[in-house]
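The values are calculated or read from the model by the stated rules, or taken from the named source; none is laboratory data. Just so it is clear, the model here is predicted, and its values are computed rather than measured. FYI the Cβ positions are ideal-geometry reconstructions off the backbone, even for glycines, and counts take in every protein chain you see.
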Amino acid sequence: MVSYLEFFQNDFKLVFPEIYISLSILFLLTMAVFLNTSKKTSIETISWLSIEVLLITGILIINNPFYNSLVLSGMVMVDNLTSLVKFIIVISASIVIFMGFQYFVDEKISYFEFGILILLATLGMMLLISSYDFIIMYLAIELQSLSLYILATLKRDSQFSTEAGLKYFILGALSSGILLFGCSLIYGLTGTTNFESLNHLLINSAVEYNEISTAISIGIAFIAVALFFKIAAAPFHMWAPDVYEGAPMIVTAFFAIVPKIAILGLFIELFLETFYGLVDQWQQIIIFSAMTSMIIGAIGAIEQKKIKRLLAYSAIGHIGYILIALSSATVEGIQSLLIYIIIYIIMSISIFSIALSLYKKIDHVRITYISELTGLAKENPLLAISLAITVLSMAGIPPLAGFASKLYVFYSAIVSSMYVLAIIGVLTSVIAAVYYIRLIKIMYFENNNSHSYLTMDIQKSLIISSTFLFLVTFLFNPSFLFILTHEITLNFSL
C-alpha cells in the first residue's frame, strides 16, 4: 500500500507528461474509430488534436516542480537536461505536424494515423531521454523505431516509400540487435543495468580492474555503433539517403529533425555521465565517427542532384560537427552541443518548410531535383532570400546563427586540444559551402528552364518567417540561449 501511495504522490507527478501523452494517444485512437477517416475534416481534426496534445505536454514539462529526481525504482531520471530535450522534442514534433496540413491535401494522402504515429514516436523519445536503465532505454528505442518504420511507408501506393520503410526496418532491426548485444555484455560483466550503479562501478574498475574495463569497453563500442545508426552518423549512414528520398517529404522532415534530438540527448546522459569513467576508450570511437561524418557529408553532397539526398548528406555532415562537441567530453562541449542542436533544428525546420512549398508550374508535381530551382528568385524573391539565408547559415557564414553554433563547437574542440579535429571541421565546412552556394547560384543566376510555383499556406508562411527572423537576428542577442544552455551544463561535474 505504501508503494502505491508513493507512486501517486511523487512518481506520478514526475512522469505525468508521459502518462498524459499515453492517455491522449488512446483517446485519439478511439476517436478515430468513430470518425469517417476518409474525410479530410477527420484527418485535420486528428492532426489539430495531436498538436494540442503536444503543446499541453510541453507545458507540463516546463512546469514540472521536481528536478534531479530518480523515480520508478531508479529507472527514470528527471532533471534540467531531460526536461529541456523533451520540450524541444514536443515543440519540434508539433511544428512538423503543423507544416504538413497542405502537404496531405496536395499529395492526396488521407491517413489519420500520421498524427497518432508522431505522438507514439514522441512518447518513445521522451521515455528514451528519461531512461536511467538499459531495459527502459531499449524499450523506448523500440517504441520510437516501430513508429518510424510505419511513418516511412505512409504513402502506401508508392514503391519508393515501401522500399524506404523496408530498408529502414532491416537496418533498424540490425542496430537493435547490436544494441542488445552491447547492453547484455555490460550486464554480464557488471551484474547491473542501472546507469547510476554502472557509473560508480566503472569509476572504480577503470583504476583497479583493467581487464574488466577493456571488456566493458567492447560493450560500449557496440552501443555506440547502434546509436550511430539511429542518428545517421558515418560510417553507419548508408540508410539515410535512400530513406530520406523514398519517404514522403513531411516524414523526411520528421526524420531529419526530431528523432536525432532524443538520441543525442541519450548520448549525453549515457557517455558523459554513466560511461565517463572510461572516457579514454570511447572517446576515440566518437572522434572517428565525427571525422568520417564530416568528410562523407561534405564530399557526398557535392554530386547529389536530388533535394532530399542533398539534405540527407547535409544532415550527416552536421551530425559530425555535433559529435565534435560530444567527443570533447567537457562542460564547454556539452553547452556547444546543446546550442548546435537547437540552431540546427531551426535551420532544418526552415529548409523543409521551403522544400514542401515547391512545385512545378505546369503539372503541379513536386520539385525533386536541385536544377528545378532555376528562376525561383524571379518568381518569389522572398522565398528565395529565405532559402539563401538558411543555406548560408547551414554553411556557417557570419553573422548568421549557424556561424555561432559552429564557432562554439570548434572552440570546445580547441579547449580539449583536439586541433586536428577542429581543422578537419573547418575544411569540411569550406567544402560544404560549395553545394550550399550552388543552390543560390541556381536560384539567382541560371536560366529559367523550369518555372516553379508555390502553394504557400499560412502554416508554412508563419514557420518560414519565424525561422528567418531567428537566423538573421541571433548574433545580435545570443545571451538567452547561452544562459539557458549554461545553466543546464552546470549539473555536470566532469
Members of the stretch 291-343 that are in a helix (DSSP H, G or I), over 18 Å from the mean Cα position of the chain (by Cα) and farther than 23 Å from Ile268 by Cα:
Ile295, Ile296, Ala298, Ile299, Gly300, Ala301, Ile302, Ile307
Test: residue in the stretch 113-121 that is small (Gly, Ala, Ser), modelled with pLDDT of 90 or more and crowded, with 21+ Cβ neighbours inside 10 Å
yes
Which pairs do you get when a residue that is in contact (Cβ under 8 Å) with a residue 60 or more places away in the chain, found in the stretch 185-200, comes within reach of a residue that is among the polar types (S, T, N, Q) and buried (at least 18 other Cβ atoms within 10 Å of the Cβ), reach meaning Cβ atoms under 7 angstrom, with the pair 6+ apart or on two chains?
Phe195/Thr274; Leu198/Thr190; Leu198/Thr274; Asn199/Thr274
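Name the residue, out of Ile397, Ile483, that is part of a loop (DSSP other than H, G, I, E, B), within 25 Å of the chain's Cα centre (by Cα) and not polar (S, T, N, Q).
Numbers: Ile483 fails: part of a loop (DSSP other than H, G, I, E, B).
One residue alone meets the criteria, Ile397.
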Starting from the stretch 328-346, keep only residues that are closer than 20 Å to Val90 by Cβ, then list their pairs with residues that are outside any helix (DSSP H, G or I) whose Cβ atoms are within a distance under 9 Å, requiring at least 6 positions of separation or different chains.
Ile339/Pro478; Ile345/Val258
For the stretch 349-394, how many residues meet the condition of being over 24 Å from Lys108 (Cβ atoms), outside any helix (DSSP H, G or I) and hydroxyl-bearing (Ser, Thr, Tyr)?
1
Cβ-Cβ under 8 Å pairs, at least 6 apart or on other chains, the stretch 378-396 side within 14 Å of Ala355 (Cβ to Cβ), far side of a type outside the set (A, V, I, L, M) and part of a loop (DSSP other than H, G, I, E, B):
Leu383/Ser357
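May I ask you to say which residue of Leu171, Leu128, Leu151 is at pLDDT 90 or above and either at negative phi or out of contact with any strand residue (DSSP E or B) (no Cβ under 9 Å at 6 or more places or on another chain) (or both)?
Values: Leu171 fails: at pLDDT 90 or above; Leu151 fails: at pLDDT 90 or above.
Answer to the check: Leu128.
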Might you let me know whether the stretch 67-82 holds any residue that is surrounded by fewer than 23 Cβ atoms within 10 Å (Cβ to Cβ), farther than 30 Å from Ile483 by Cα and in contact with an Asp or Glu (Cβ under 7 Å, 6 or more places away or on another chain)?
yes
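Residue by residue through the stretch 442-480, note down the ones that are touching a Phe, Trp or Tyr at 6+ places or on another chain (Cβ under 8 Å), crowded, with 19+ Cβ neighbours inside 10 Å and either closer than 29 Å to Leu272 by Cβ or modelled with pLDDT under 80 (or both). Before you say what the answer is, go through the steps one by one.
Within the stretch 442-480, the subset touching a Phe, Trp or Tyr at 6+ places or on another chain (Cβ under 8 Å) is 452-455, 457, 459, 463, 475.
Filter once more, so that each one left must be crowded, with 19+ Cβ neighbours inside 10 Å: 452, 463.
Within the stretch 442-480, just Ser452 meets the criteria.
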Hits in the stretch 1-43 (condition: of a type in the set (A, V, I, L, M), at pLDDT below 60 and not in a helix (DSSP H, G or I))
Met1
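Being touching a residue at least 60 places away in the same chain (Cβ under 8 Å), part of a helix (DSSP H, G or I) and either of a type outside the set (A, V, I, L, M) or over 25 Å from Leu151 (Cα atoms) (or both): is that true of Leu264 here?
Working: touching a residue at least 60 places away in the same chain (Cβ under 8 Å): yes; part of a helix (DSSP H, G or I): yes; either of a type outside the set (A, V, I, L, M) or over 25 Å from Leu151 (Cα atoms) (or both): no.
Spelling it out, it is not the case that Leu264 is touching a residue at least 60 places away in the same chain (Cβ under 8 Å), part of a helix (DSSP H, G or I) and either of a type outside the set (A, V, I, L, M) or over 25 Å from Leu151 (Cα atoms) (or both).
Given the structure, is Ile56 in contact (Cβ under 8 Å) with a residue 12 or more places away in the chain, farther than 16 Å from Val15 by Cβ and surrounded by 14 or more Cβ atoms within 10 Å (Cβ to Cβ)?
Working: in contact (Cβ under 8 Å) with a residue 12 or more places away in the chain: yes; farther than 16 Å from Val15 by Cβ: no; surrounded by 14 or more Cβ atoms within 10 Å (Cβ to Cβ): yes.
No: the conditions fail for Ile56.
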Single unsatisfied condition, Ala232 versus (1) at positive phi; (2) surrounded by fewer than 24 Cβ atoms within 10 Å (Cβ to Cβ)
(2)
Scanning the stretch 135-186 for residues that are within 23 Å of Phe267 (Cβ to Cβ), among the hydroxyl-bearing types (Ser, Thr, Tyr) and surrounded by fewer than 16 Cβ atoms within 10 Å (Cβ to Cβ) gives Ser184
